[in-house]
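*Asks:* Please read through the structure below; I'll follow up with questions.
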């Protein structure tokens, strides 16, 4: 898959992305905002294992955020099951040198559109640690609303924080006024 954006793109990960992933993912400021399944330190072996795990996955739901041919981050959808089968969680990270450039906002907007257009989803959602207002702003620019706060729900590196729950129902995504900001 390839979705061109302004200054970056969303594309399929490639085996040669391991070096760039290692460079940008091996950052404590990136890892601090992600679940413990995201290793830190992040080694080349971690990148190779991650990329190998993506091979032949159908449907493809995990993509590189790339700029200048280099993978600078990751964005994914996780389809849910059981009573949540019409929902998907969106998750993302981008390397620190690219923070504040609007790439993540573009990527979230594009992957949200991809999710609604290609799957029978009623809603997308994201979970954000309370100390990460930058990711919350990205979601809000894309039409996601903060639906709740799970107080003291996260323990990361010995620190306790809230987890904010953001949601975007299909009916709001269908409304251009709701998702055109930012």
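*Asks:* Whole-Å semi-axes of region 21-158's equivalent ellipsoid, largest first, each the root of 5 times a Cα gyration tensor eigenvalue?
*Replies:* On the way: eigenvalues 98, 74, 52 Å².
Semi-axes from the Cα gyration tensor: 22, 19, 16 Å.
*Asks:* In terms of the Cα gyration tensor, with a ≥ b ≥ c the square roots of its eigenvalues, is region 50-102 rounded because a/c is under 1.5, prolate because a/b exceeds b/c, or oblate? Working shown, then result.
*Replies:* Values: a/c = 3.39, a/b = 1.64, b/c = 2.07.
Note, shape of region 50-102 comes out oblate.
*Asks:* Kindly identify region 91-134 as rounded, prolate or oblate by the Cα gyration tensor criterion: order the square roots of the eigenvalues as a ≥ b ≥ c, call it rounded if a/c is under 1.5, otherwise compare a/b with b/c, prolate if a/b is larger, else oblate.
*Replies:* Working: a/c = 3.34, a/b = 1.60, b/c = 2.09.
Oblate.
*Asks:* Still on this structure: Figure the gain on full extension for residue 55 and residue 32 (residue separation times 0.36 nm, minus the Cα-Cα span) and round it to one decimal in nm. Don't skip to the answer; put the middle values down first.
*Replies:* Numbers: separation 23, 0.36 × 23 = 8.28 nm, distance 2.68 nm.
Length gained between residue 55 and residue 32: 5.6 nm.
*Asks:* Report the FRET efficiency, 1/(1 + (r/R0)^6), for residue 122 and residue 76, where r is their Cβ-Cβ distance and R0 is 25 Å, rounded to 0.05. Mind showing how you got there, number by number?
*Replies:* Working: r = 19 Å, r/R0 = 0.76.
Calculated value: 0.85.
*Asks:* Please state the relative contact order of the chain as a whole percent: Cα pairs under 8 Å, 6+ residues apart? Please list the in-between numbers first.
*Replies:* Values: 315 pairs, mean separation 32.1, N = 182.
Over the chain, the number comes to 18 percent.
*Asks:* Given the DSSP H assignment, sum -39500 (n - 2.57) over each helix run of at least 4 residues in the chain and divide by its residue total; what's the result at 222 nm in deg cm²/dmol, nearest 500?
*Replies:* On the way: 7 runs with 56 residues, N = 182.
Roughly -8000 deg cm²/dmol at 222 nm, from the helical runs in the chain.
*Asks:* Shifting gears a bit: When ranked by the protection proxy of mean other Cβ atoms within 10 Å per residue, highest first, what sequence do the peptides 142-148, 20-26, 56-62 form? Before the final figure, lay out each step's value.
*Replies:* Working: 142-148: 18.4, 20-26: 20.4, 56-62: 11.4.
The densest-packed peptide leads the list: 20-26, 142-148, 56-62.
*Asks:* Based on the mean of other Cβ atoms within 10 Å per residue, sort peptides 105-115, 68-78 so the most packed one is first.
*Replies:* Working: 105-115: 21.3, 68-78: 18.8.
The packing order, highest mean first, is 105-115, 68-78.
Read the figures in this text as sums done on the coordinates, not as results from a lab. From a predicted model like this one, the values you see are computed outputs, not experimental measurements. Note: ideal-geometry Cβ built from the backbone for every residue, glycine included; neighbour counts use all protein chains shown.
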